[in-house]
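J.: Handing you a structure now.
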Amino acid sequence: MMSGWPLRCRKVSAGPDSTLHRDLRVPQLILTILLIALGWFLLIRPQQARVRAQRAMVETLEVGDQVITAGGIHGRITALSSETVQLLVAPGTELKVARAAIMRRLEIEDTDGVADGTEDDVRSENDDVAPGDAGGEA
């Protein structure tokens, strides 16, 4: 039978042990706040900077720019609208893609005064950016 079981339970007093627990909570709280701040500066802020740089690049696209889409398609912009881009990917072949799908703008390097459009003449804006830097790919 269970009679009298509440009488056998010890009452926990608010003695010296409770101040010890309270004193241990402050460093734990400070450590938690520091870890959240560290995560913010190492993960979230660089990603936000990359997103801002991507949006700025998409806003400054012009007809004639060579670009690479998120799917890896290379093409030259032939028409722009507020939401879409018309890309010439081969003679007589145009694709309509979302403006946000443009990942990089390529620049033609003019090495000897004449650019022949070969792959060696094309340079990405992000070629000089190290991975992990703002604007670089991770």
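The values are calculated or read from the model by the stated rules, or taken from the named source; none is laboratory data. Please read all numbers here as calculations on a predicted model, not as lab measurements. So basically every Cβ, Gly included, is an ideal-geometry build from the backbone, and we count neighbours across all protein chains shown.
J.: Go through the range 56-77 residue by residue and tally those that are assigned to a helix (DSSP H, G or I) and either in contact (Cβ under 8 Å) with a residue 60 or more places away in the chain or surrounded by fewer than 11 Cβ atoms within 10 Å (Cβ to Cβ) (or both).
T.: Final tally of qualifying residues: 3.
J.: Sticking with this one: Against the definition (at pLDDT 90 or above and among the aliphatic types (A, V, I, L, M)), how does LEU31 come out, yes or no?
T.: yes
J.: All but one of (1) over 16 Å from ARG105 (Cβ atoms); (2) at pLDDT 90 or above; (3) within 27 Å of the chain's Cα centre (by Cα) hold for SER82, so report the exception by its number.
T.: (2)
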